[in-house]
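One structure is given below, encoded as structure tokens.
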Number of protein chains: 2
Amino acid sequence: MRVLSNELKQHLNQTVHLEGWLHKKRLLGGLTFINLRDRKGIVQAVIKDKEEVDKLKGMQIGTVMTIDGFVAEEPRAPGGVELHEVKLEISVPVTQEPPIEIDKPLSHKPENLDTLFEHRAIGLRNLNEAKIFYIRSGLLRLIRQFLYEHDFVEIQTPKLVANAAEGGAEVFKLDYFGKPASLAQSPQLYKQVMVGVFERVFEIGPAFRAEPSATTRHLSEVTMLDIEMGFIRDHGEVLNMVQDLLFFVVTKAWEQFGHELGDLKAPEPVLKPEFPRYSMKQIHQMYQEANKLDMSAEIDLTPDEERWICEYAKDHDGCEAVFATDLPNAKMKFYHMAKNDDAALSADLLFRGLELATVPQREHRYENLISQIKAAGIDPDKDESFRFYLQAFKHGLPPHGGCGFGIDRLVEKMIGLGNIKEAVLFPRDINRLWP
Amino acid sequence: MRVLSNELKQHLNQTVHLEGWLHKKRLLGGLTFINLRDRKGIVQAVIKDKEEVDKLKGMQIGTVMTIDGFVAEEPRAPGGVELHEVKLEISVPVTQEPPIEIDKPLSHKPENLDTLFEHRAIGLRNLNEAKIFYIRSGLLRLIRQFLYEHDFVEIQTPKLVANAAEGGAEVFKLDYFGKPASLAQSPQLYKQVMVGVFERVFEIGPAFRAEPSATTRHLSEVTMLDIEMGFIRDHGEVLNMVQDLLFFVVTKAWEQFGHELGDLKAPEPVLKPEFPRYSMKQIHQMYQEANKLDMSAEIDLTPDEERWICEYAKDHDGCEAVFATDLPNAKMKFYHMAKNDDAALSADLLFRGLELATVPQREHRYENLISQIKAAGIDPDKDESFRFYLQAFKHGLPPHGGCGFGIDRLVEKMIGLGNIKEAVLFPRDINRLWP
């Protein structure tokens, strides 16, 4: 019966059976010490018996093996225990050294990222690397828990679409049985239609952007959380839902896997249940005054303003998540609702200096929406996608709003990584389609 | 404060505020009866006051409105209550009739499916249609619950890949910033690599198949549950996990949303915790004897054999889920493990006549795997995807296995739909890229 590395304390002074990978091997004072890795962590074993030591001859890191051994207390060993009197068995011998050393933290310096991904299959076996994706899985679980508790229904919308023109970003095109098709850049039209069915829906899935940008913020394939909720009283209700979601997820994450976050030196969160809200104009003005810069030509927030306002809110409001509200009309998509001639009912959720989500109320009035679509240069009569979309409005959609929330960005900022690619198992960018 | 339709019984003899869509309107004995739909169902209201009746003039199904009314017991009304003394307010007027009637079950006859999808944006507002996708969301939640409880880590692997040649099905190709790319037909190579990190991983996501088949079983975009688990003792351990997963999901689904399943006339499950297992050869022989047919030329199970063996097992074993084991080597993929010269360590999970998943053990031995890849006509040295994949084996992967489990098929068979497309919100096939 297999025992996992994190269960050893329950088996003190017993002989147990473990299975895993050889993770480290060293000679110390005439003894052979090895670390065995399994899905729960590592355990140290001391091997004295020559016959057992011989079995390890030529065996490299990654060798799959079993250990039967006696669990002894040892405060200096990982997990506070150590295996003695061990019997080894090699299940899958590995005779070549790993291409990178995986028993110490791997370098994430910008100049080393290519090496990191080049050896991804092995590098992820590093305990710290694995923790990033253990945390990512945990964050997704918490997000779903919150949304289920708030009556959201999970949907899957198609990624192969006739037209993906809704979002503004460039799209990947492909041949679909002889017809032109695109890869969806978001479930925008579909999730709004689904408000007419379930009122509250969400989707977690891939989105595709053919943007030829090579920054620390861009990927050509991202994981998005898309939320949409109907029968809202006002835009503030959508902001509250997204705020409560982030607060819940960050708080619970530190409760449930704070240990792993701590191992990765993730910054402890500074959050309040109510995130401060500043209008875009206010932020420009505050930043301008604080930094003696002229921001009057800027429409959007600059990356530096995003960093600055989060730092400001952290110090001033005790909260490093901020809503930048009243986004300018110039940035508005056809499906957003205008607040007035200047601004849209739309806000950016900023966290630790990065925009995680744009959170608008949608234009739900059929005639207004048609005007906005036309103003965006789209002929709704000529496009089947819009015929389908508009049908939902023609037959009644309530006031609604939602957001596209970047999961990769959340993981990056939760842990304090420097580049969004580090938060993705196998990232895709303009230069990288592999591994 | 908004009250939802399913909460009315708690507000008997009180005046409440509801919001929703006009779902039905009729005159009966001089009174106006309307049904209001919200995300929890429908509620009936009786309108006597002429002023209120007038507000509904010209208002069609889909009109978004609020109702303030007194909750009276009424056994003949849906939910056992009815609203009296109502005050209406129209929030979003709808003046055109819906393109299809949505207050009775919609026809799912094969000849009506195109109409069903043509009007998908409105048809999904039919309570029965919506239940299909409420159940689908519930099934996904249960699947995740089971897998979390069994120590699986959720991953997201890229859908844009350099080479998607691993699975056999035809792939969609696209231009990726000037380089050729494909859409992933499964996370096969990635999930196996991830066994080296987490031992147990799963992914729920889209997979793309450019198969020009127009059957009731085929889609060009499907939702797959991919599972992979390491350190297995034998192939049976993988079968057990998949069996326990299906048993858990089906059983809990009937506990948690049996009411909705019943409304859709879903067949009640006939399952045992241990699914019967018959080898492919046995099934051919049993079917041959029972039906006086010669099956000696068949390699795979025919669709009729799949139906027959599930019926047989339902009657004979009291279980309508069956494993067809010892799949022939002729069907084997390069990453499967051979059992002997004839058969692979692979089984099909059949449920109610349909294959839900193929459940193989993988070839984890580096040298054997290279031979099998070469035998499949692939040069592993020339292909970056395989270099990455093989790296994981070269540096030690334990015995492992898993499956690709069709979520759309599961939904179809749970509910007893006749075509996989009915289980998908916006299905994609050779003729359909819209809505």
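The values are calculated or read from the model by the stated rules, or taken from the named source; none is laboratory data. Quick caveat, the model's predicted, so the values are computed rather than measured. Here the Cβ positions follow ideal geometry from the backbone for every residue, glycine too, while neighbour counts run over all protein chains shown.
Values as computed for the structure displayed
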item: Single unsatisfied condition, residue B:321 versus (1) free of Cβ contacts under 8 Å to residues at least 24 places away in the same chain; (2) within 30 Å of residue A:153 (Cα to Cα); result: (1)
item: Candidate set: region B:137-168, residues that are in a loop (DSSP other than H, G, I, E, B) and at pLDDT 95 or above; chosen: the one farthest from the other protein chains (Cβ to nearest Cβ); result: B:150
item: Residues of region A:381-395 satisfying the condition of being charged (D, E, K, R) and either more than 9 Å from chain B (Cβ to nearest Cβ) or within 23 Å of residue A:224 (Cα to Cα) (or both); result: A:381, A:382, A:383
item: Residue check for residue A:373: surrounded by 16 or more Cβ atoms within 10 Å (Cβ to Cβ) and in a helix (DSSP H, G or I); result: yes
item: Qualifying residue in region A:338-352 (condition: out of contact with any Asp or Glu (no Cβ under 8 Å at 6 or more places or on another chain), in contact (Cβ under 8 Å) with a residue 24 or more places away in the chain, more than 26 Å from residue A:396 (Cβ to Cβ) and part of a strand (DSSP E or B)); result: no
item: Scan of region B:170-195 for residues that are buried (at least 23 other Cβ atoms within 10 Å of the Cβ), facing chain A (nearest Cβ under 7 Å) and in contact with a Ser or Thr (Cβ under 7 Å, 6 or more places away or on another chain), ordered by number; result: B:190
item: Residues of region A:313-333 classified as surrounded by fewer than 20 Cβ atoms within 10 Å (Cβ to Cβ) and under 27 Å from residue A:386 (Cβ atoms), total; result: 5
item: Among residues of region B:396-424, those that are within 14 Å of another protein chain (Cβ to nearest Cβ), of a type in the set (A, V, I, L, M) and buried (at least 24 other Cβ atoms within 10 Å of the Cβ), counted; result: 4
item: Region B:287-336: number of residues that are part of a loop (DSSP other than H, G, I, E, B) and either out of contact with any Cys (no Cβ under 8 Å at 6 or more places or on another chain) or within 30 Å of residue B:192 (Cβ to Cβ) (or both); result: 19
item: Every residue from region B:196-219 that is part of a loop (DSSP other than H, G, I, E, B) and more than 7 Å from every other protein chain (Cβ to nearest Cβ); result: B:209, B:210, B:211, B:213, B:214, B:215, B:216, B:217, B:218, B:219
item: Residue in region B:212-230 that is farther than 30 Å from residue A:161 by Cβ and of a type outside the set (Lys, Arg) present; result: yes
item: Unique residue being without any contact (Cβ under 8 Å) to a residue 60 or more places away in the chain, surrounded by fewer than 15 Cβ atoms within 10 Å (Cβ to Cβ) and farther than 18 Å from residue A:17 by Cα when the list is A:74, A:97, A:89; result: A:97
item: Only one of B:387, B:352 that is within 31 Å of the chain's Cα centre (by Cα) and among the charged types (D, E, K, R); result: B:352
item: One residue from A:430, A:407 being among the aliphatic types (A, V, I, L, M), in contact with a Ser or Thr (Cβ under 8 Å, 6 or more places away or on another chain) and outside the structural domain of residue A:193 (by TED's automatic domain parsing); result: A:430
item: Residue among A:228, A:305, A:255 that is modelled with pLDDT of 95 or more and either within 30 Å of residue A:433 (Cβ to Cβ) or surrounded by fewer than 20 Cβ atoms within 10 Å (Cβ to Cβ) (or both); result: A:255
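Here's the yes/no breakdown for (1) of a type outside the set (S, T, N, Q); (2) not assigned by TED's automatic domain parsing to the domain that holds residue B:197:
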{"position": "B:106", "(1), (2)": "yes, yes"}
{"position": "B:112", "(1), (2)": "no, yes"}
{"position": "B:120", "(1), (2)": "yes, yes"}
{"position": "B:141", "(1), (2)": "yes, no"}
{"position": "B:146", "(1), (2)": "yes, no"}
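Let's see how each residue does on (1) among the small types (Gly, Ala, Ser); (2) under 30 Å from residue A:12 (Cα atoms); (3) in contact with a Lys or Arg (Cβ under 9 Å, 6 or more places away or on another chain):
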residue: A:85; (1), (2), (3): no, yes, yes
residue: A:101; (1), (2), (3): no, no, no
residue: A:144; (1), (2), (3): no, no, yes
residue: A:152; (1), (2), (3): no, no, yes
